[in-house]
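What follows is one structure encoded as structure tokens, with my remarks underneath.
The values are calculated or read from the model by the stated rules, or taken from the named source; none is laboratory data. The model shown is predicted, which means the values in this text are computed figures rather than measured ones. Cβ: placed from backbone, ideal geometry, glycine included. Neighbour counts: every protein chain shown. Please note that ligands, DNA and RNA were not included when accessible areas were found on the heavy atoms of the full protein model with its side chains. Shrake-Rupley method; radii C 1.70, N 1.55, O 1.52, S 1.80 Å.
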Amino acid sequence: MTDPLPDPRPLVIGGALRDATSGETFETLEPFSGAVIARVQVASAADVDAAVAAAAEGQRAWAALSGAARGAVLARAADLIRARRDEIARLESLDGGKPIQETPDADVDSGADCLAYFAALAPTIGGESQDLGGLGGGPWFYTRREPLGVVGGIGAWNYPFQIACWKTAPALAAGNAMIFKPAEQTPLSAYILAEVLAEAGVPPGVFNIVQGDARVGRMLTAHPGIAKISFTGEVNTGKAVMADSAATLKTLTLELGGKSPLLVFEDADLDDAVSAAILANFYTQGQICTNGTRVFVHRDVLDAFLSRLLPRAEAIRLGNPLDPETQMGPLISPDHHASVLAHIDRAVADGATLLTGGGPPTDPALAGKPFVRPTVFLAHDDALPLCREEIFGPVMTVLPFAAEDEALARANALPVGLAGGVMTRDLTRAHRVAARLEAGVVWINTYNVTPIEMPFGGVKQSGLGRENGRAALEHVTRIKSVYVEPGPVEAPY
Ligand code: TXE
């Protein structure tokens, strides 16, 4: 790679920077200032074809290595990411509006940890064998756990570098090649992943970057040379990805949206419960898919909970994401800002009680920028759009409940089921509620903690498959069974 990268940013195909042939570019803006950070070239169908060809060629050599050899390369890449931690964190804050308080840990460390984790698993990927009688002289079979070939990755804009790593690490550990399309709002940090993978020794073509919006995403989901799509984004987009992938029967990992519940029982430590609710709604400006945006609070502790929550929400410092004092940055774009404000206005019109926040900050230094103050509603009607639709901003809805069964029925009533949380000192109840919540991830007495060792993903319409943990390897490999007959073929005629 050359440094600095040329402007407009090119594609990365076959281990080299390559100009797109579409003749089209787009701009990526800094959410805080609205300034253009860089222009980026849009991939054409021919560019995607070239990426698939390069990936297929690179994948053959990459899959021919042992798992241990692949693991050693990925482990080096993890170290190279950690060596560039501040640079990557700053770029994520600049391009995504995320506070510099968050990005070193939540984005960069998570990405490096992911590469290190799957580097360690790479040598362990294998099959099984079993005798079928005859004390070793009879028939037997073995299985081979094989890579899928070329994987297409499509990223969302809220955790650009982390998502690129979460999709690439297991895919490459298993011997696949990756063609990654970042979200058009945050296209820049993926180039650093390409650089560190190349420097670590990943062969040309094993990791490629194509850039563009939905049109390029659809080139990936339609391409016959791509065996699998790993997608992160909205529920409806996930359904479109699934539909488009059907024509070539791709396997899918879909990490989609949610409207997750956090249940606060009457015996909970209320300071911890408020901390969990804040983590579940205001971290990364509330732009986190797993967010516990429906906070069900037992009615006996509702006032005590709110009296602790509101001052802490109002004390959150909004500002320039690159300022170390900033705790909440701007939303990703003016369009998304308008969408979140529209949700808030509709909730007020629908009769929900606005307890704090509800609009842009009053600070003149932030005027005209896409900020939303930490917002808390109290609602009594689960049918409101406020209580059913993903807002993807700093908007928490507090919902009183009286009994465990009632809270669970209400928590499980939506078609989505990504995550959930339960705050209680009664651990029998905690595990009972965790078992009954319809979700892919449940946190007991905390929220939004995602270690790489723990499988991550949703149920119902929040997605398919899992990222992270050993489970991720199931979704980037296929099993071949090999039956061995040592004796004569017994034929019926
Ligand atoms: O999603 P979009 P966004 C979800 C989060 C929220 C959404 C925000 O809940 O709903 O992501 O991200 C490309 N065919 N998660 O607004 O619009 C598009 O170019 C193929 C859940 O970016 O769905 C972009 O790269 N591709 C997650 C990507 O899809 C298409 C955690 C996502 O775009 C396409 C983070 C199409 N038809 C965010 N249309 C989790 N569950 O882990 C768009 N794209």
Check your understanding: Which residues, counting only those in the range 304-340, are within 18 Å of Cys387 (Cβ to Cβ) and of a type in the set (A, V, I, L, M)?
Key -> Leu306, Leu309, Val340
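Per-residue answers, yes or no, for (1) touching a Ser or Thr at 6+ places or on another chain (Cβ under 7 Å); (2) within 10 Å of the ligand (Cβ to nearest atom):
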{"position": "Pro187", "(1), (2)": "yes, yes"}
{"position": "Ala190", "(1), (2)": "no, no"}
{"position": "Glu195", "(1), (2)": "no, no"}
{"position": "Ala198", "(1), (2)": "no, no"}
{"position": "Pro203", "(1), (2)": "no, no"}
{"position": "Ile209", "(1), (2)": "no, no"}
{"position": "Gly217", "(1), (2)": "no, yes"}
{"position": "His223", "(1), (2)": "no, no"}
Check your understanding: Got at least one residue in the range 57-69 being within 16 Å of the ligand (Cβ to nearest atom) and of a type in the set (S, T, N, Q)?
Key -> no
Practice item. Test Ala407 against the criterion of being within 26 Å of the chain's Cα centre (by Cα) and either within 16 Å of the ligand (Cβ to nearest atom) or not in a strand (DSSP E or B) (or both), and give yes or no. Key: no
Check your understanding: of a type in the set (Lys, Arg), over 15 Å from the mean Cα position of the chain (by Cα), closer than 27 Å to Pro123 by Cα and not assigned by the TED database to the domain that holds Pro415 - does that describe any residue in the range 213-235?
Key -> yes
Practice item. Say whether the condition of being within 25 Å of the chain's Cα centre (by Cα), without any contact (Cβ under 8 Å) to a residue 60 or more places away in the chain and not in a loop (DSSP other than H, G, I, E, B) is met by at least one residue in the range 318-330. Key: yes
Practice item. Please state which of the following conditions Leu414 fails to meet, knowing it meets all the rest: (1) at pLDDT 95 or above; (2) part of a loop (DSSP other than H, G, I, E, B); (3) of a type outside the set (Phe, Trp, Tyr); (4) surrounded by fewer than 19 Cβ atoms within 10 Å (Cβ to Cβ). Key: (4)
Review point. Is it the case that Leu74 is open to solvent by less than 20 Å² (accessible area, probe 1.4 Å) and over 26 Å from Thr284 (Cα atoms)?
Key: yes
Check your understanding: Does the range 448-463 contain any residue that is outside any helix (DSSP H, G or I), more than 16 Å from the ligand (Cβ to nearest atom) and assigned by the TED database to the domain that holds Ala78?
Key -> no
Practice item. Just give me the residues in the range 254-275 being hydrophobic (A, V, I, L, M, F, W, C) and surrounded by 22 or more Cβ atoms within 10 Å (Cβ to Cβ), in sequence order. Key: Leu254, Leu256, Leu262, Leu263, Val264, Phe265, Ala268, Ala273, Val274
Review point. Which residue out of Ala313, Ala338, Ala243 is assigned to a helix (DSSP H, G or I), open to solvent by less than 10 Å² (accessible area, probe 1.4 Å) and of a type outside the set (Lys, Arg)?
Key: Ala313
Point to revise | Search result, residues across the range 29-45 that are part of a strand (DSSP E or B) and in contact with an Asp or Glu (Cβ under 6 Å, 6 or more places away or on another chain) | key: Val36, Ile37, Ala38, Arg39
Review point. With respect to Trp140, is the statement that it is of a type in the set (Phe, Trp, Tyr), within 16 Å of the ligand (Cβ to nearest atom) and open to solvent by 20 Å² or more (accessible area, probe 1.4 Å) true?
Key: no
